[in-house]
Amino acid sequence: MRLPQMPVPELPHRQHELQFYEGFTQTVYTTDEEKQFPDGRLIVSSTDTKGIITHANDAFVIMSGWEREELMGSLHSILRHPDMPKAAFKDLWDTVSTGTKWHGYVKNLRKNGGFYWVYATVVPNIRDGEIQGYTSVRRKPSRSKVAELGALYEQMLAAERSAS
Amino acid sequence: MIQFLIAPDFPPQYFAGWHLLNTRLQRKTNAAIHLQTPASPQEEQALIASGTVDIIYANPFDAAQLVRDMGYLPLVRPVNKPDEMVIATAASQPLQTLEDIKPDMRVLHTENRDVKLIGLRLLEAVDLNEGNLQWVEADAFQAVARHLIDGDAEVGFFLASAYQGLSSLTLNQLRTLMESKITDISHVLLLHPRHSAQQEKLRSAFLEMGNDAAGQMVLEDLGLPEGFETLTQEDAEFMIDLMETLLD
Ligand SMILES: Cc1cc2nc3c(=O)[nH]c(=O)nc-3n(C[C@H](O)[C@H](O)[C@H](O)COP(=O)(O)O)c2cc1C
């Protein structure tokens, strides 16, 4: 399983080789261009139990920069930004797979290499007592929390790098 | 006699419309249906708890309890009528954007929990929360507007449909700071599980409400010009999951 390949950004950018949970490695690009979370909106997506996108609202599509057709059926890690530590997503999956709600601040990668911060909540979709998939709703995060978490994630990433 | 409860957050000018809609519903279903219009969420909760509510036009917040705890069955939802909220100030106030709302300012709101919940979620972006604001309760959205204009608080929370239903004289004295655009959350029509045999018949009656000119007029008077669409069990569950993410 692979993800759609990002185009090389037009803006000045960095190149990263990201190793994904499913075992493949892929090239992604990052720029310093931040896209602001749209006022008054929520960004919504759902996945199956394996993290494959099954639903996305319009705000999700617009913010990601990918076409709806490119997102549906892709792994949700299509949004993974190299500045995010692995531990954050391990915590997400460990929490929701036991049927519990997860909250966290996430820096997401756009198709054009830009980024956007969200405050995300992920809930398991429990139907007839079984987890059928997961839904995430993102709200506009506060700037102070983003600054705080950005610094923490930098430390966590440094620790992950020196451990590997 | 079937009891049909309408959640108490609709604008007062729709009161007659709900009665007209109920008249048509009775004609279409050949059933005696009594409309319950509780004046407050407490009164609504007491009626629900008494077990007498057969059909309910419920707000999304209450849908969770009704569907997940009490087994209410989904019927329909209004088409293109999402529940949105507005954060406003008086035109005479200096506030221009959400960023201008500061800790300890007073916020006028009603008992409507959906509106307060969504308002709080939108204010997180500017580091405001339940604890660092002062809460002033009013008994209706009209009263929120009046008290805002009188300067009794800096900020007011409104159900968007109620805000848009204010007179232009009132609206001219207010300034919108933020209007939500969530689109996935709406009121829903639900049926008590003891009537499961009637689910399809009742659903059809709501779906066909706009099929003739008189029915279409009733819908327009209720601010539901596009009528109703089927609400599946999964639609209801999905909306409840979404509300769940907004609780904290
Ligand atoms: C419902 C749901 C929503 C998710 N949303 C995001 C997201 O917005 N951004 C992101 O990087 N990962 C998100 N994830 C986590 C990804 O599935 C993935 O674990 C993460 O991007 C890290 O990639 P990796 O697991 O291959 O290391 C979400 C997972 C679920 C179940």
In region A:114-137, accessible area falls by at least 40 Å² from chain alone to full assembly (1.4 Å probe) for A:Val123, A:Arg127, A:Val137
Computed over chain B, the relative contact order (Cα-Cα under 8 Å, seq sep at least six) in percent reads 31
Here, B:Asn129 and A:Asp91, labelled 7 Å along Cα→Cβ, have an inter-label distance in nm of 1.6
Dividing the mean separation of Cα pairs under 8 Å (6+ apart) by the residue count of region B:1-139 yields a relative contact order in percent of 24
Partner shielding of B:176-182, taken as the mean number of other chain Cβ atoms within 10 Å, equals 3
Scalar couplings 3J(HN,Hα) for region A:128-134 by Karplus 6.51 cos²θ - 1.76 cosθ + 1.60 (θ = phi - 60°), nearest whole Hz, x for Gly and Pro, are 6, x, 10, 6, 9, x, 9
So the B/A interface buries, both sides summed and with a 1.4 Å probe, an accessible area in Å² (nearest 100) of 1900
Carbon plus sulfur, as percent of the 1.4 Å-probe accessible area of region B:91-229, comes to 48
The helix B:15-29 Cα axis meets the longest alpha-carbon principal axis of chain B at an angle in degrees, between 0 and 90 and rounded to 10, of 20
The alpha-carbon center of region A:36-78 and that of region A:97-158 are separated, in whole Å, by 12
With a 1.4 angstrom probe the carbon and sulfur portion of accessible area for region A:31-102, in percent, totals 51
By the mean-Cβ-within-10 Å protection proxy, highest first, A:103-115, A:26-38 rank as A:103-115, A:26-38
Note, region B:125-138: 3J(HN,Hα) by Karplus (6.51, -1.76, 1.60, θ = phi - 60°), whole Hz, Gly/Pro = x, goes 4, 10, 6, 10, 8, 3, x, 9, 10, 9, 9, 10, 8, 10
Surpassing 24 Å at the alpha-carbon level, of the pairs A:Lys35/B:Lys181; A:Lys145/B:Lys116; B:Lys116/B:Lys201; B:Lys81/B:Lys116; A:Lys50/A:Lys90, are B:Lys116/B:Lys201
Calc'd 3J(HN,Hα), region A:26-36, phi into Karplus 6.51 cos²θ - 1.76 cosθ + 1.60 (θ = phi - 60°), Hz, glycine/Pro = x, comes to 9, 8, 10, 10, 10, 10, 8, 7, 9, 9, 6
Taking R0 as 25 Å and r as the Cβ-Cβ distance between B:Glu220 and B:Gln3, the FRET efficiency 1/(1 + (r/R0)^6), rounded to the nearest 0.05, comes to 0.45
To the nearest Å², the heavy-atom accessible area per residue of chain A with 1.4 Å probe amounts to 49
Evaluated at 25 °C and 0.890 mPa s, the Stokes-Einstein D of the protein assembly as shown based on the Kirkwood radius over Cα pairs, in µm²/s, stands at 105
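The values are calculated or read from the model by the stated rules, or taken from the named source; none is laboratory data. None of the values given here were measured: they were computed from a predicted structure. Here the Cβ is made from the backbone with ideal geometry for all residues, glycine too, and neighbour counts use every protein chain on show. Only protein heavy atoms, including side chains, enter the accessible area calculation; ligands, DNA and RNA are left aside. Shrake-Rupley method; radii C 1.70, N 1.55, O 1.52, S 1.80 Å.
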